[in-house]
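Every number in this text was worked out from the coordinates using simple rules, so none of it is lab data. For clarity, every value in this text was computed on a predicted model and none was experimentally measured. We place every Cβ from the backbone using ideal geometry, glycine too, and count neighbours over all the protein chains shown.
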């Protein structure tokens, strides 16, 4: 079955979830000329989008009733289930031929379930989690990892291209979520290394900004070091991505690893360190706040250095 390519002025977009990343991502679609209807649990978080011209809906179901393609990016798998499969969820409001695109980092099995239930109703479904944080969302430079039928993904490319730079279909339903798990496993251990290196440099009496000049562009360089290292040095732990959401992601990855009979000790260690950070009251800080938990293990008061 052919799927019509999304086009400004023709395709009506729905958007569910206007948090740190979703707000910017939706804003790019509005800027491209897509007529957009939005819903968020906290309406004030959608004010900037409404000012851009988006229309408000009172529920995910109401969003879908006014949309050809419905995007969602919320917090946890249970939120995904509620806003898509719930009584007032998007699927309940979809007409035949509509497309659901969940961009939340969620469970691969849930992505498959959504796809199966959507197909039974004549609705297409795509899982398309993203990486790049708040900066990537604001600058439309996200990496988008996609699972879904190839013609549907191709039809959505004008929308994905408004939000990201690296856009890759990984396979069928759930494949996008599995790829995002691999992404989060890479980030988890890397973030430990970034924080430990900066802690070491500080305790050795080095100027951390000067250290960054040497290491960020060499073999030790990484996105996390270049983008989050300066925030750590400046004691800016505002969230580009919440600690509590990263803990959720690692939990999903560990559960999938167990199902696949894999032992991933680096991931397990990072998960434990982040649980400690959350227990210290930093669940709503950015993931780079791991620096504070690691510093406390060595009795270093990072904020007052």
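Given a Förster radius of 35 Å and the C-beta distance between residue 5 and residue 220 as r, what FRET efficiency does 1/(1 + (r/R0)^6) yield to the nearest 0.05? The calculated FRET efficiency here is 0.25. In this rough spin-label picture, where each label sits 7 Å from Cα along the Cβ direction, the residue 260-residue 96 distance is 3.9 nm. Descending by average beta-carbon neighbour count within 10 Å, the peptides 128-136, 295-303 line up as 128-136, 295-303, the highest first. Among 39-49, 237-247, the peptide with the highest mean count of other Cβ atoms within 10 Å heads the list, and the full ranking is 237-247, 39-49.
Using only the alpha-carbon atoms, how far is helix 265-277 inclined from the longest principal axis of the chain? Give it as 0 to 90 degrees, nearest 10. For 265-277 against the chain, the angle is about 90 degrees.
Could you put 15, 223 in order, starting from the residue whose Cβ has the fewest other Cβ atoms within 10 Å? Could the numbers behind the result be given before it?
Values: 15 31, 223 17.
The most exposed by this proxy come first: 223, 15.
Against the main long axis of the alpha-carbon atoms of the chain, helix 175-203 sits at an angle near 20°. Once the Cα atoms are used to define both axes, helix 22-31 deviates from the longest principal axis of the chain by about 50 degrees.
For residue 56 and residue 190, the FRET efficiency from 1/(1 + (r/R0)^6), where r spans their Cβ atoms and R0 equals 41 Å, is about 0.55.
Taking every DSSP beta bridge that has both ends in the chain, the antiparallel portion is near 15%.
Taken as Cα centroids, segment 226-243 and segment 50-111 sit 30 Å apart, rounded to the nearest whole angstrom. Here the relative contact order of the chain, from alpha carbon pairs under 8 Å that lie six or more residues apart, stands at 14 percent. Evaluate E = 1/(1 + (r/R0)^6) for residue 88 and residue 44, where r is the Cβ-Cβ distance and R0 equals 25 Å; express this FRET efficiency to the nearest 0.05. For residue 88 and residue 44, the calculated efficiency is 0.75.
Among beta bridges from DSSP that stay inside segment 12-172, the antiparallel ones total about 10%. Measure out, as a whole number of angstrom, how far apart the alpha-carbon centroids of segment 271-300 and segment 1-47 sit. Distance between centres, Cα-based: 34 Å.
Our helix-only sum for the chain, with -39,500 (n - 2.57) per DSSP H run of n ≥ 4 divided by its residues, gives a mean residue ellipticity at 222 nm of -14000 deg cm²/dmol.
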